[in-house]
Every structure is written in structure tokens, then in C-alpha cells.
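The values are calculated or read from the model by the stated rules, or taken from the named source; none is laboratory data. Just so we're clear, the structure is a prediction, and the values are computed from it rather than from any experiment. Cβ placement follows ideal geometry from the backbone for every residue including glycine, while neighbour counts extend to all protein chains displayed. Note: areas computed on protein heavy atoms with side chains; ligands, DNA, RNA excluded. Shrake-Rupley method; radii C 1.70, N 1.55, O 1.52, S 1.80 Å.
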Amino acid sequence: MTATLDISTLDVSYGDSVQALSGISLMVPEGGFTVLLGANGAGKSTVLKAASGILPFENGRISRGTIRFFGEDIAGVPSHQLAQRGLLHVREGRHVFPAMTVEENLAAATFALSGRKRRASRDFDDVYAWFPQLKPRRTTPAGFLSGGEQQMLAIGRALVGAPRLLLVDEASLGLAPLVARDIFAILGRINRESGLAILVVEQNVTLALRHGSYGYVLENGAITLEGPTATLMDREAISSRYLGTAATERTP
Ligand SMILES: Nc1ncnc2c1ncn2[C@@H]1O[C@H](COP(=O)(O)OP(=O)(O)O)[C@@H](O)[C@H]1O
Ligand SMILES: [Mg+2]
């Protein structure tokens, strides 16, 4: 079976001096929910940026390795083309247009679509079905939404783009524990019920391991541990080396 995303021995550097990733290999199988864990600065966002083609905007470059999306080498393909091909990246920080309403934000996301799946109508019922909370907020400017709702909208914008792979950077960052849990539960449902492959970068290890199916731990730009999430949850290695202690349990 062809993997949805297959990254092999990838090196990435920024500018002339910062080597952010060294020889990392990582896979998202078809229909998989893969989580990428690691401390601040480990290189998690860089993995997503490399996959979605936005490294050049940050003076970053791939110096070795391959990135395949459904078997095709996509290293160097511009981000807008990847988006049109269904590789959608929800960047860290909930990028929505604050002055535009929820519905206008969703509509704006459709402009990025090619003929592949351009929407004839502004029918976003599928997004509202995943995130019912957004529906009564349809005509509210996104800037007035709560942090959780903005994250839902950011994910909703990617869903409008008919994704075949969803990359989510720090889905829960800055959100209250219950809200973070909701977001992950919905990502899990989207994955199970629609079969959408998802790669999530997350610092809340407990939450990520609970909902993801396979996990990687990134340390200083290298993968140091990987496995099915169920086994990673049991690993003393994770709790002592990366999780710190059980005190990082942040979900009720
Ligand atoms: N645009 C950039 N220019 C230079 N260095 C960067 C840039 N983005 C990230 N880095 C560096 O690359 C390393 C990995 O960063 P990043 O991928 O953002 O880590 P994480 O998402 O795990 O916090 C860090 O040392 C960071 O300082
Ligand atoms: Mg990051």
C-alpha cells in the first residue's frame, strides 16, 4: 500500500548555519492518525513545513532525503500546488482572518481550490457537522471567537480544501484542557469516520497518544523513539525522558 506521506532520511536547514532536521524518516499510512511529539525547538514544525512546501518562505531548504505524497516526490513543489492536491497544513497559531466572519473565512478557503473540488455553493454543512459549535457563530467575525473556536475554524478551513492529508501544528496550544480534548476527539472522529489521514504535531503527549495511532518522538532534529501509540504510552522512556513526569497529564 502506498503511504499517504512518506518522509525518508530528510535533512533540513535554515540559512547557512541552522540544521533543524537530521536524517528523519516518518510515515503516515493511508487513513492513519500519526502524532509527532517533541519539546520546543525539536524540529516538529519544520517537518510539517517541509511537507507542505513552505520552507522556502523561511529561508529553509531540504538538503537531503525525499518526501513522497501518495508515492510522488513532492520536495520542492510549491505549497499552493500541494494544497490543490489535497495536502493541507493548519499552521501553528490558528491563522484565521479576524475581521471576516466564520462563513467568509470558510468561503475564502475555497478560493485556493483548483477545479478538483471547487464548491459551487457556500454550503459548509460538512464543516458544521464536525464542529457544530461554529454554526451559530456563522456570521460572527472570527476575531470574536474563543481560542478553541478559532482552532476549529482553522481546521474547518482546511477541511473545505478537500484534504487527502491534514497536517496540524500544535492543535491544543494555549487552549483550556477540556477544549483541547474536544479538538482532539473531533480530529479522531474525522480520521475514523472519513478516513482522512492526519499528522499532528503536539506537545500535550497524553492527548496525542490517546487519539493518535502511531507516534514519533523528535529530539534535536532526530527521531529517537517511535511506535504504536499504545506501546508508547507504556514506555517508561517517554515518561522519564520526554514527558517529564506524570504531572504532565493535562487532560482530566
Ligand atoms: N525560520 C527559521 N529560521 C531559522 N531557524 C529556524 C526557523 N524556524 C525554526 N528554526 C530553528 O529550527 C529548529 C527547529 O524549530 P521548529 O521546527 O520550529 O521546532 P518545534 O516546532 O519542535 O518547536 C529550532 O532550533 C529553531 O530555532
Ligand atoms: Mg513548532
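So is V35 within 13 Å of ligand 2 (Cβ to nearest atom) and not basic (K, R) or not?
Criteria not met by V35.
Do any residues in the range 28-47 that are on the phi > 0 side of the Ramachandran plot have Cβ atoms under 9 Å from those of residues that are within 8 Å of ligand 2 (Cβ to nearest atom), where the two are at least six apart or on different chains, and which pairs are they?
Once the first residue is on the phi > 0 side of the Ramachandran plot and sits in the range 28-47, its partners that are within 8 Å of ligand 2 (Cβ to nearest atom) give G38/K44; G38/V201.
Which pairs do you get when a residue that is farther than 21 Å from L48 by Cβ, found in the range 79-103, comes within reach of a residue that is assigned to a strand (DSSP E or B), reach meaning Cβ atoms under 7 angstrom, with the pair 6+ apart or on two chains?
Cβ pairs passing all conditions: P98/P141; A99/P141; M100/P141; T101/P141.
Would you check if there is a residue in the range 149-168 being open to solvent by 50 Å² or more (accessible area, probe 1.4 Å), more than 26 Å from F33 (Cβ to Cβ) and away from ligand 1 (no atom under 16 Å from the Cβ)?
Within the range 149-168 (the criterion being open to solvent by 50 Å² or more (accessible area, probe 1.4 Å), more than 26 Å from F33 (Cβ to Cβ) and away from ligand 1 (no atom under 16 Å from the Cβ)), the answer is no, since none of the residues qualifies.
Which members of the range 4-26 meet the condition of being more than 16 Å from ligand 2 (Cβ to nearest atom) and either hydroxyl-bearing (S, T, Y) or without any contact (Cβ under 8 Å) to a residue 40 or more places away in the chain (or both)?
T4, S8, T9, S13, D16, S17, S22, S25
Within the range 62-91, track down each residue that is surrounded by 16 or more Cβ atoms within 10 Å (Cβ to Cβ) and not aliphatic (A, V, I, L, M).
G65, R68, F69, F70, S79, Q84, R85, G86, H89, R91, listed by residue number.
Please indicate, with yes or no, whether at least one residue in the range 4-14 is modelled with pLDDT of 95 or more, of a type in the set (D, E) and in a loop (DSSP other than H, G, I, E, B).
no
Within the range 22-37, can one find any residue that is closer than 28 Å to L196 by Cβ and among the charged types (D, E, K, R)?
So far as the range 22-37 goes, yes, one or more of its residues are closer than 28 Å to L196 by Cβ and among the charged types (D, E, K, R).
Which condition number does I190 fail, the rest of (1) at pLDDT 95 or above; (2) aliphatic (A, V, I, L, M); (3) closer than 26 Å to S8 by Cβ being met?
Only one criterion in (1) at pLDDT 95 or above; (2) aliphatic (A, V, I, L, M); (3) closer than 26 Å to S8 by Cβ is unmet by I190, namely (3).
Any idea which of (1) touching a strand residue (DSSP E or B) at 6+ places or on another chain (Cβ under 6 Å); (2) within 16 Å of ligand 1 (Cβ to nearest atom); (3) closer than 30 Å to P136 by Cβ is the one L26 doesn't satisfy?
Exception for L26: condition (3).
Mind checking which residues of the range 101-140 are over 14 Å from M152 (Cα atoms), among the aliphatic types (A, V, I, L, M) and either within 16 Å of ligand 1 (Cβ to nearest atom) or at pLDDT 95 or above (or both)?
Passing the criteria: none in range.
Restricting the search to the range 37-59, which residues are within 9 Å of ligand 1 (Cβ to nearest atom) and either in contact with a helix residue (DSSP H, G or I) (Cβ under 8 Å, 6 or more places away or on another chain) or of a type in the set (F, W, Y) (or both)?
Matches in the range 37-59: G38, A39, T46, K49, L55, F57, E58.
Of all residues being out of contact with any Asp or Glu (no Cβ under 7 Å at 6 or more places or on another chain) and open to solvent by 60 Å² or more (accessible area, probe 1.4 Å) in the range 126-148, which is nearest to R181 (Cα to Cα)? Just the residue, please.
P132
Which one of the conditions (1) away from ligand 2 (no atom under 13 Å from the Cβ); (2) at pLDDT 95 or above does V47 fail to meet, given that it meets all the rest?
(1)
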